[in-house]
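The values are calculated or read from the model by the stated rules, or taken from the named source; none is laboratory data. These numbers were taken from a predicted model, which means no experiment stands behind them. Cβ: placed from backbone, ideal geometry, glycine included. Neighbour counts: every protein chain shown. In case anyone asks, the SASA skips ligands and DNA or RNA and just uses the protein heavy atoms, side chains included. Shrake-Rupley method; radii C 1.70, N 1.55, O 1.52, S 1.80 Å.
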Amino acid sequence: MKILSICGSPRRGNSEAVLNRLKQIFSKMHVENEIILLREKNIQRCTGCVEYCNKNLECHKKDDMPAILEKIRNADGYVFISPNYFNMPSGLFKDFIDRSSVLYTKAYFTGKNELSSKKAAVIAVGTDEIKEIDKCVSNIADSFCRLLGVTVVARKSFQSRSELKGKYNDIFENGLNPQIEKALEDMANRLHNSLKS
């Protein structure tokens, strides 16, 4: 079983800390888990050249996105995480979403969806109230994942502080998420069990 975790934070911080903790949980389950930090990748913006991608069912840009898309195709499940920016994922994560459109395009024109059996967990972190951070989760889960045919089996929002001052474990120590460890274990179990069944 392979789970691919994709982090949309432009810096080292809460989102990455959450994925590192999930990786420890997956390891105990003997589940292979790779973390992709989008900030370390060269992902060009989508320029809407549909005349090319609609015809060729791929993007012509030469960057890191084709390799990421191949990892998406080969994974059984995903964890998508982003900081909350105006109730939406970060611009970095949005670039990733836009460039993933070739997966949707290929499914649309061929009638074969490579991702229809895939499952995902979606997480957002932010300094706003949970109900606001939940809107970021919904944008990823109910738009991006749904349109790609990926079934979201777990979703969660966590509160964080914007100024970490070198405390990269702050999300676990700031007292704003007293049940975070249990919540992450539950999410990992839900994703794992859904992929087994």
> Going through segment 10-29 one residue at a time, which ones are open to solvent by 10 Å² or more (accessible area, probe 1.4 Å) and within 13 Å of the chain's Cα centre (by Cα)?
Replying inline: 16
>> Taking the criterion of being open to solvent by less than 30 Å² (accessible area, probe 1.4 Å), acidic (Asp, Glu) and modelled with pLDDT of 95 or more, would at least one residue in segment 77-100 satisfy it?
In response: yes
> Restricting attention to segment 181-197, which residues are under 18 Å from the mean Cα position of the chain (by Cα) and open to solvent by 70 Å² or more (accessible area, probe 1.4 Å)?
Replying inline: 185, 190
> Quick check, is residue 106 in a helix (DSSP H, G or I), modelled with pLDDT of 95 or more and open to solvent by 30 Å² or more (accessible area, probe 1.4 Å)?
Replying inline: no
> Restricting attention to segment 117-132, which residues are touching a helix residue (DSSP H, G or I) at 6+ places or on another chain (Cβ under 8 Å) and surrounded by fewer than 16 Cβ atoms within 10 Å (Cβ to Cβ)?
Replying inline: none
>> What pairs come out if I take residues in segment 86-98 that are closer than 15 Å to residue 15 by Cα and part of a helix (DSSP H, G or I) and pair them with residues that are open to solvent by less than 50 Å² (accessible area, probe 1.4 Å) and modelled with pLDDT of 95 or more whose C-beta lies under 6 Å away, six or more apart or interchain?
In response: 92/8; 92/38; 93/8; 93/82
> So residue 34 fits all but one of (1) within 22 Å of residue 173 (Cβ to Cβ); (2) outside any helix (DSSP H, G or I); (3) open to solvent by 70 Å² or more (accessible area, probe 1.4 Å); (4) modelled with pLDDT of 95 or more; what number is the exception?
Replying inline: (1)
> Looking at segment 158-180, is at least one residue open to solvent by 70 Å² or more (accessible area, probe 1.4 Å) and in a helix (DSSP H, G or I)?
Replying inline: yes
> Quick one: in segment 55-70, which of the residues that are outside any loop (DSSP other than H, G, I, E, B), exposed (fewer than 12 other Cβ atoms within 10 Å of the Cβ) and of a type outside the set (Asp, Glu) is modelled with the lowest pLDDT?
Replying inline: 55
> farther than 22 Å from residue 153 by Cα, of a type outside the set (A, V, I, L, M, F, W, C) and surrounded by fewer than 17 Cβ atoms within 10 Å (Cβ to Cβ), is that true of residue 42?
Replying inline: yes
